[in-house]
1. State all residues of segment 69-103 that are assigned to a loop (DSSP other than H, G, I, E, B) and aromatic (Phe, Trp, Tyr); if no residue qualifies, say none.
2. Write out, first by first residue and then by second, each pair whose Cβ atoms fall under 8 Å of each other, whose residues are 6+ apart or on separate chains, and whose first residue, in segment 127-141, is over 25 Å from Phe159 (Cα atoms) and free of Cβ contacts under 8 Å to residues at least 60 places away in the same chain while the second is among the aliphatic types (A, V, I, L, M) and exposed (fewer than 14 other Cβ atoms within 10 Å of the Cβ).
3. Among the residues that make up segment 155-166, is at least one of them of a type in the set (A, V, I, L, M, F, W, C), in a helix (DSSP H, G or I), without any contact (Cβ under 8 Å) to a residue 40 or more places away in the chain and in the same structural domain as Thr70 (by TED's automatic domain parsing)?
4. State whether the residues of segment 143-154 include one that is without any contact (Cβ under 8 Å) to a residue 12 or more places away in the chain, more than 25 Å from Met33 (Cα to Cα) and either of a type outside the set (S, T, N, Q) or part of a helix (DSSP H, G or I) (or both).
5. Quick check on segment 14-28. Is at least one of its residues crowded, with 17+ Cβ neighbours inside 10 Å and outside any helix (DSSP H, G or I)?
6. Condition check: of a type in the set (Asp, Glu), within 20 Å of Ser58 (Cα to Cα) and loosely packed, with under 14 Cβ neighbours inside 10 Å. Does Glu144 satisfy that?
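The values are calculated or read from the model by the stated rules, or taken from the named source; none is laboratory data. Here the structure is a predicted model, which is why all the values come from computation and not from measurement. Here the Cβ positions follow ideal geometry from the backbone for every residue, glycine too, while neighbour counts run over all protein chains shown.
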Amino acid sequence: MQRITALNPEATTGASKELFNAIQTKLGMIPNMMRTMGNSPAVLEGYLGLNNALGKSSIGGKLGQLLAITVANANSCTYCNSAHNFIGEKMMHIDAASLKAAHEGRSGDAKIQAALDFARILVEKKGLVNDADVNALKNAGYSEAAIAEIIAHVGLNIFTNYFNNAADVLNDFPVADLLESAAI
């Protein structure tokens, strides 16, 4: 049972209602995670702000989705795994094999592999990476701006993973099974 209430958008007022209206206009729905975050307009606005900013990042939406899937599996977040598999397939048109590989932090593309490896290292080391970890990204061809964006994507996904796991948010996306062996 969900531990924090997912607000009913029709019964919500104030700042959360305004944010819900914007989400409804953009997505055509208000996912349960955002309805739950809406209990605090500050939390929902913070999430939306960073998410929107990263949507303009140089690393692109497809890598963002693969990072999200890798981090969701590392943190055992069924909600995020399901949501990002759905977005990756339906909106980003990422092939099924690439989505499945991302569950375990794998890619057939060496540059993407470096980013997914770094994401798992970042989660495992709780951000305390070393020079060699960062240099692996540089050697793969990522700029310092792109590295900052990868770190921000991982951070945003850690936040949503923890939020969904702690609140036990009801999944409103087609279920994509976690890869248990990928959990850190």
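1. none
2. As it stands, the answer is Ala140/Ala110, since those pairs meet every condition given.
3. no
4. Yes, the conditions are met somewhere in segment 143-154.
5. Scanning segment 14-28, I find no residue that is crowded, with 17+ Cβ neighbours inside 10 Å and outside any helix (DSSP H, G or I), so the answer is no.
6. Criteria met by Glu144.
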